[in-house]
Amino acid sequence: MNHFQYKDGELCCEDIPVSVIASEVGTPFYLYSKATLSRHFQAFDSGFSDIDHITCFAVKSCSNIAVLSLFAGYGGGADIVSGGELFRALQAGVDPRKIIYSGVGKSEEELRYGLKSGILLFNVESEQELHRLGKVAAEMDVTAPISFRVNPDVDPKTHAYISTGLAKNKFGIPINEALEIYQQAAEMEHIKVMGVSCHIGSQLTLISPFVESLRKVKSFVGRLAEKGIIINYIDLGGGVGITYDDEKPPHPHEYAKAIKEELGGLKATLILEPGRVIVGNAGILVTEVQYTKTNRGGDKEKNFVVVDAGMNDLTRPSLYGAFHSIIPVKEKEGTSQVVDIVGPICETGDFLAKDREFAQVEQGDLLAVMSAGAYGFTMSSNYNSRPRVAEVMVSGDRFAVIRERESMESLIQGESIPEFLEKDDGR
Ligand SMILES: Cc1ncc(COP(=O)(O)O)c(C=O)c1O
């Protein structure tokens, strides 16, 4: 359930017509519904309300500080993967004692920042990272609380690019080899072993891979206990899928029920790192039709709708061949045609939809790219020197720009022409 619905033929976000916002902020822009964000966070979190847990929102999926502060207000923590995400989470008011730091490539500077900020846990992904963290913690004369991210070798049955828990993926430490590194870490003066973490992939539509990896983690926790290593935190990562098209992902409560059943009486705080399931269907990308055209070659013809949002604004269709439903902001009746909806970028791979049966639209029409709240704005770029778009949040009949559209000046911010190019040196 989300709060993007047609009312009298006009797509509205909660109580505001999308076209009203477009006329004030221009296009393209990302639009989030506060009521949907809240509802999805609480639906997920409440599934675990009867057990000790922390819902650490995956900042990478949607990192605007307004969104992060909303979840922090509901008691949420944050799953971060960079110093930049840590900065955002702290700025948004997330309690550092609810921040966990994942990622395979943490720099010394990032580790220092995490330690200085007093975060809950570092999810360590390699032996070298363990030693780097131990060294940095010793220099700072503190103790680093850690989990290891173990790789349970479970097939999440999702897109290859967002599958992370197989032996062939770069993430984590193979669960069968992890005992040794836990024993090593337990001996280190500036390291405190606290947990086990895993994350097997994103956009999972089945519960069974989660249960299978938890089963493996549980048995591993048992083996650690036999060696005297007690685990206080079990982190199951994120990954619950959403409906983009006709997928039927589990309801968060079904997921929670299955996880709690598998956990049994295990005494540990459960950490969850949901991203997409909370924000995915709470955001849309609004774009305007610039041109329509038909290209003919031989007996073939192809219809294009050229819009002002490109693969730099929403990269998922180009990157993963991902499907996003696209609908006109003013409901259309009458004939439809098969079109490619494409952006202005100079790449054939720049499309939002391919061979889509679509209502007849014309220049100036507004379109809404649905389910764009997760990995939408956060994966956007300045490719083709396009300023990144605005982000807007609606609450009831009010809206606020929560990130301004970038300006032309911002495109060259920090750039300079060195003196040796300014002088005529005979180039
Ligand atoms: C370590 C980690 N945790 C959590 C997530 C969030 O996943 P999702 O958005 O599918 O819930 C990701 C996404 O890739 C991740 O890498």
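Overview of results
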read-out	value
Residues that are surrounded by fewer than 19 Cβ atoms within 10 Å (Cβ to Cβ), more than 15 Å from T292 (Cβ to Cβ) and β-branched (V, I, T), drawn from the range 337-377	I345, T348
Residues being over 21 Å from E127 (Cβ atoms), within 16 Å of the ligand (Cβ to nearest atom) and of a type in the set (V, I, T) - total across the range 171-216	3
Candidates A353, A390, A359, A368, filtered to the one that is in contact with a Gly (Cβ under 8 Å, 6 or more places away or on another chain) and closer than 30 Å to V59 by Cβ	A390
Residues of the range 258-303 satisfying the condition of being in the same structural domain as I341 (by TED's automatic domain parsing), modelled with pLDDT under 95 and surrounded by 13 or more Cβ atoms within 10 Å (Cβ to Cβ)	K302
Flag for E212 being over 26 Å from the mean Cα position of the chain (by Cα) and modelled with pLDDT of 95 or more	no
Test result for Y255, crowded, with 18+ Cβ neighbours inside 10 Å, closer than 25 Å to A137 by Cα and either in the same structural domain as D45 (by TED's automatic domain parsing) or away from the ligand (no atom under 15 Å from the Cβ) (or both)	no
Residue satisfying all of: in the range 77-99; more than 15 Å from the chain's Cα centre (by Cα) and crowded, with 23+ Cβ neighbours inside 10 Å; nearest to the ligand (Cβ to nearest atom) among these	I99
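For (1) in contact (Cβ under 8 Å) with a residue 24 or more places away in the chain; (2) in the same structural domain as T143 (by TED's automatic domain parsing); (3) among the small types (G, A, S), each residue gets a yes or a no:
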| residue | (1), (2), (3) |
| --- | --- |
| A58 | yes, yes, yes |
| V67 | yes, yes, no |
| V81 | no, yes, no |
| G84 | no, yes, yes |
| V94 | yes, yes, no |
| G114 | yes, yes, yes |
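The values are calculated or read from the model by the stated rules, or taken from the named source; none is laboratory data. Since we're looking at a predicted model, the values are computed, not measured. FYI the Cβ positions are ideal-geometry reconstructions off the backbone, even for glycines, and counts take in every protein chain you see.
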